[in-house]
Amino acid sequence: MCGIVGYAGSKQAVPILLDGLKRLEYRGYDSAGVAVVCDGKLSVARSVGKLSNLGDLLARRPIGGLLGLGHTRWATHGGPSEANAHPHTDCAGRIAVIHNGIIENYMPLKEFLSENGHAFTSVTDTEVLPHLIEEELKGYDAAGPLSQRLTEAALADAVRAVLKKVRGAYALAAIWSRAPGVIVAAKKDSPLVIGLGERENFIASDVPALLTHTRRVVYLEDGESAVMRNDRCSFFNALGREIEKTPIVIEWDSTAAEKTGYRHFMLKEIHEQPRAVENTLRGRLFPLNDGVMTRETGLTPDMLRSTERVHILACGTSWHAGIVGKYLLERHAGISTQIETASEFRYRHPVLAPKTLVIAISQSGETADTLAAMRQAQSAGLQVLSIGNTLGAAIPRQANFNFHTYCGPECGVASTKAFAGQLTALSLLTLHAGLARGFMPDKEAHDWAEELQSLPELLRKTLKLDAQIRAIAQELSKAEHILYIGRGVNYPTALEGALKLKEISYIHAEGFAAGEMKHGPLALIDPQMPVVAIATQSDVFEKTLSNIEEAKARGARMIALCTEGERRLWGRADHILELPPVGEHFSPILNILPLQLLAYHIADLRGCDVDQPRNLAKSVTVE
Ligand code: AGP
């Protein structure tokens with residue numbers, strides 16, 4: 001996710017902006033920039049890569065001013081480059097904007113602006129914002145000297161007018177060289193916080209950037225905006241009416257603040273999953289059939305129709321997501337789909353048929369096995385679609401097509417929100433492929449899209465199981481082995497639940513297809529063996545119920561996930577976790593959440609290093 005900082009005060013802005021951006025580095029970024037206003041002139045400096053590159057640039061070419069904006073960019077639309085780095089400016093170089101979020105309708109807006117003479121220097125969605133503000137302020141171009149009060153009001157009105165035209169998510173800030181004492185900020189669906197100091201004020205994406213200056217903060221709510229000067233800050237609702245906001249005092253230290261108060265990044269990222277799914281779905285559902293998949297990935301309906309098979313390559317959690325993808329693509333898009341770990345694919349001399357679309361799934365975009373496997377497939381003449389969370393990484397750069405998951409950087413080694421993003425992307429791909437191939441009827445496609453839109457709320461509801469899960473974790477934290485079982489799309493969910501537990505708690509855990517238990521694993525069951533069974537509503541619920549009874553009859557401690565209102569598990573499981581109802585095809589996105597929390601609480605109770613488990617790395621860039 002991008003990082004935003006702003007300053008209005010009596011000190012030089014640049015050092016404060018750089019320090020604030022440094023404290024937001026944990027959010028992940030690939031380029032950075034600052035803009036300041038001084039003596040009626042706007043100055044901008046931007047660079048690719050680490051903040052030190054921006055610092056070096058500013059050391060060579062210092063820019064001064066007591067008011068400014070800073071930004072670290074996590075590339076979404078358009079790869080990492082100086083041209084794509086924020087702040088972005090208008091044609092006249094008087095207005096600068098920084099933005100965290102996605103402007104969904106930026107293409108039609110960009111076309112309108114280009115037709116009206118605006119020149120663009122980047123491929124970002126954000127760059128439409130300063131040009132739209134410029135359009136709103138056109139009337140002031142010819143005006144002579146203007147009062148500070150008038151120009152500040154003009155900028156605030158212009159920003160509000162622009163926000164009525166854009167669709168999407170934003171935390172943004174704008175400055176104008178003709179209003180040198182003011183920053184206008186606004187928020188919808190991306191975080192923005194105002195820091196209130198002594199004769200100085202601040203804006204930031206997150207509290208860590210503020211704590212060395214002030215602990216008195218105001219969080220903007222969706223639709224609200226702020227007009228910030230060095231000596232006062234006014235707040236407005238979506239109608240432009242001034243409102244009162246009560247500051248709160250932050251008690252966290254800066255390390256805790258990076259985790260926004262959560263004990264670990266992993267727990268923060270588990271709780272970020274509703275937002276990760278929301279951001280990955282944004283602008284990609286309705287209107288169906290409007291070519292959104294072609295715009296987003298480059299895959300046309302004809303290409304989807306002529307694809308005869310899919311071959312998914314991935315590792316670890318991404319491989320588990322790929323197995324879910326196989327079930328979805330075969331059952332709902334009618335595409336024969338193979339899935340395997342990239343490390344196996346590389347060395348088994350696979351037979352690759354033409355008209356095969358290879359899908360490489362990778363959160364980091366740097367996994368060596370996946371990168372090598374996709375290159376091998378490409379050298380055999382196949383094309384690769386990357387489903388990734390890190391634009392500009394090696395795998396999306398190597399791929400022929402890209403489908404980005406907007407989960408924001410994932411800091412915990414154990415992958416959580418990226419898995420939710422991958423399943424969301426695979427569901428979208430299945431929906432659009434099923435439609436393009438005439439395999440999924442329009443009514444079913446519409447129902448799918450509506451149900452996808454409901455997932456963030458269902459995830460928020462599922463998070464409410466945390467207290468019950470923490471109690472179960474108390475009971476299981478001393479176990480030496482735990483089995484996970486599931487069927488259909490929840491067989492990979494069982495694999496993923498077991499991986500979460502083993503990689504952060506060091507308890508031996510295995511996932512099995514529930515139907516496989518009688519072919520061997522049942523021998524492992526005894527009264528010391530806890531079993532986690534995924535038994536939410538599905539075509540194979542009764543079969544899974546039988547597997548639960550088989551294990552229970554042999555003394556297993558049974559923890560079962562089921563759908564709210566299901567009574568047939570009563571008396572058959574020692575703990576029952578009830579999840580909100582959802583279609584079987586989307587159930588892994590919900591079902592994995594309690595398993596992530598179970599692994600987290602067990603590992604935390606065992607005193608393990610949850611975010612940096614032993615022997616593991618976040619990105620496996622070696623074989
Ligand atoms: C998952 O919790 C692990 N961190 C690991 O299995 C990971 O999923 C795997 O290394 C693949 O990483 P990638 O998605 O970045 O390619």
Original post:
Mind listing the phi-derived Karplus ³J(HN,Hα) values for segment 480-495, rounded to whole Hz, using 6.51, -1.76 and 1.60 with θ = phi - 60°, and x for any glycine or proline?
Top reply: 9, 9, 9, 9, 10, 10, x, 10, x, 5, 9, 6, x, 5, 5, 4
Original post:
For the chain, which whole-number percentage of the solvent-accessible area (1.4 Å probe, protein heavy atoms only) is attributable to carbon and sulfur atoms?
Top reply: 51
Subject >> Cα extents of segment 501-604 along the three principal axes, largest first (Å) >> reply: 32, 31, 23
**OP:** Report the accessible area of ASP222, computed with a 1.4 Å probe over the heavy atoms of all protein chains in place, in Å² rounded to the nearest 10.
**Re:** 80
Original post:
If you roll a 1.4 Å probe over the heavy atoms of the protein chains, what accessible area per residue do you get for segment 1-44, in Å²?
Top reply: 32
**OP:** For segment 294-398, run through the chymotrypsin sites (Phe, Trp or Tyr not before Pro) and keep only the ones in DSSP coil with at most 14 other Cβ atoms within 10 Å of their Cβ.
**Re:** TYR347
**OP:** Determine ³J(HN,Hα), in whole Hz, for all residues of segment 159-171 in sequence, where each value follows from phi through the Karplus function 6.51 cos²θ - 1.76 cosθ + 1.60 and θ = phi - 60°; x replaces Gly and Pro.
**Re:** 4, 5, 5, 5, 5, 6, 9, 9, 10, x, 10, 7, 10
Subject >> Residues of segment 305-420: accessible area per residue with a 1.4 Å probe, Å² >> reply: 33
**OP:** Quick one: check the C-alpha center-to-center distance for segment 277-300 versus segment 389-407, whole angstrom.
**Re:** 16
**OP:** Take the Cα atoms of segment 217-283, build their convex hull, and give its volume per residue in Å³.
**Re:** 135
Original post:
What is the set of long-range amide H partners of ARG557 at a cut-off below 5 Å, with H atoms built 1.01 Å from backbone N?
Top reply: MET529, VAL531
Original post:
Using a Förster distance of 35 Å, how high is the FRET efficiency between ARG263 and ARG437, based on the Cβ-Cβ distance and rounded to 0.05?
Top reply: 0.15
Original post:
At a probe size of 1.4 Å, how large is the accessible area of ARG241, to the nearest 10 Å²?
Top reply: 150
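Give the whole-number value, in cubic angstrom per residue, of the convex hull volume spanned by the C-alpha atoms of the chain.
Working: hull volume 99.4 nm³, N = 623.
That works out to 160 Å³ per residue.
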**OP:** Taking only the C-alpha atoms, wrap a convex hull around segment 371-438 and report its volume per residue in Å³ as a whole number.
**Re:** 97
**OP:** Note down, for segment 371-488, the three equivalent ellipsoid semi-axes (square root of 5 times each alpha carbon gyration tensor eigenvalue), biggest first, whole angstrom.
**Re:** 32, 23, 15
Original post:
With θ set to phi - 60° and the Karplus curve 6.51 cos²θ - 1.76 cosθ + 1.60, what are the ³J(HN,Hα) couplings of segment 470-477 in order, to the nearest whole Hz, using x for Gly and Pro?
Top reply: 4, 5, 5, 4, 3, 6, 8, 5
Original post:
So what's the projected area for segment 16-144, the Cα convex hull averaged over all directions, in nm²?
Top reply: 8.2
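Chymotrypsin sites (Phe, Trp or Tyr not before Pro) within segment 97-148: which are DSSP loop residues with at most 16 other Cβ atoms inside 10 Å? Provide the component values of the computation, followed by the final result.
Details: sites: TYR106, PHE112, PHE120, TYR140; in loops: PHE120.
Loop-located and lightly packed - PHE120.
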**OP:** Can you bin segment 269-390 into rounded, prolate or oblate? Criterion: square roots of the alpha carbon gyration tensor eigenvalues sorted a ≥ b ≥ c, rounded for a/c under 1.5, prolate for a/b above b/c, oblate for the rest.
**Re:** oblate
Original post:
segment 455-511 to segment 1-66: how many Å between their Cα centroids?
Top reply: 43
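Where does each of 445-458, 595-608 land if you order them by average Cβ count within 10 Å, highest first? Numbers along the way, then the final one.
Numbers: 445-458: 17.3, 595-608: 22.4.
Highest-to-lowest ranking by the protection proxy: 595-608, 445-458.
Just the number: Rg to Rh for segment 66-208, Cα atoms, Kirkwood Rh, two decimals.
0.95
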Original post:
What residues qualify as long-range amide H neighbours of GLY65, i.e. H under 5 Å apart, gap of 5 or more or another chain, H built at 1.01 Å from N?
Top reply: ALA13, VAL14
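Which of the three applies to segment 240-324, rounded, prolate or oblate, going by the alpha-carbon gyration tensor with a ≥ b ≥ c and a/c under 1.5 meaning rounded? Before the final figure, lay out each step's value.
Working: a/c = 4.88, a/b = 1.67, b/c = 2.92.
Because a/c hits 1.5 or more and a/b fails to exceed b/c, segment 240-324 counts as oblate.
How far, in nm, would the chain grow between ASN237 and CYS91 when pulled straight, counting 0.36 nm per residue and subtracting the alpha carbon separation?
Numbers: separation 146, 0.36 × 146 = 52.56 nm, distance 2.93 nm.
The ASN237-CYS91 span can extend by a further 49.6 nm.
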Subject >> Restraint check, LYS41/LYS188; LYS22/LYS417; LYS326/LYS502; LYS478/LYS502; LYS268/LYS502, Cα-Cα greater than 18 Å >> reply: LYS41/LYS188; LYS22/LYS417; LYS326/LYS502; LYS268/LYS502
Subject >> Mean projected area (nm²) of the alpha-carbon convex hull when segment 312-455 is viewed from all directions >> reply: 8.3
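Under 20 °C and 1.002 mPa s, how fast does segment 475-532 diffuse according to Stokes-Einstein, given a Kirkwood radius computed over C-alpha pairs? Answer in µm²/s, whole number. Can you show the working numbers first?
Numbers: Rh = 11.4 Å.
The diffusion coefficient I find is 188 µm²/s.
Counting other Cβ atoms within 10 Å of each Cβ, which trypsin sites (Lys or Arg not before Pro) in segment 506-580 have at most 10 and sit in a DSSP loop?
Numbers: sites: LYS518, LYS543, LYS552, ARG554, ARG557, ARG567, ARG568, ARG572; in loops: ARG554, ARG567, ARG568, ARG572.
Passing both the DSSP loop test and the Cβ count: ARG567.
The values are calculated or read from the model by the stated rules, or taken from the named source; none is laboratory data. Here the structure is a predicted model, which means the values were calculated and not measured. As a convention, Cβ positions derive from the backbone with ideal geometry for all residues, glycine included, and neighbour counts pool all protein chains shown. In case anyone asks, the SASA skips ligands and DNA or RNA and just uses the protein heavy atoms, side chains included. Shrake-Rupley method; radii C 1.70, N 1.55, O 1.52, S 1.80 Å.
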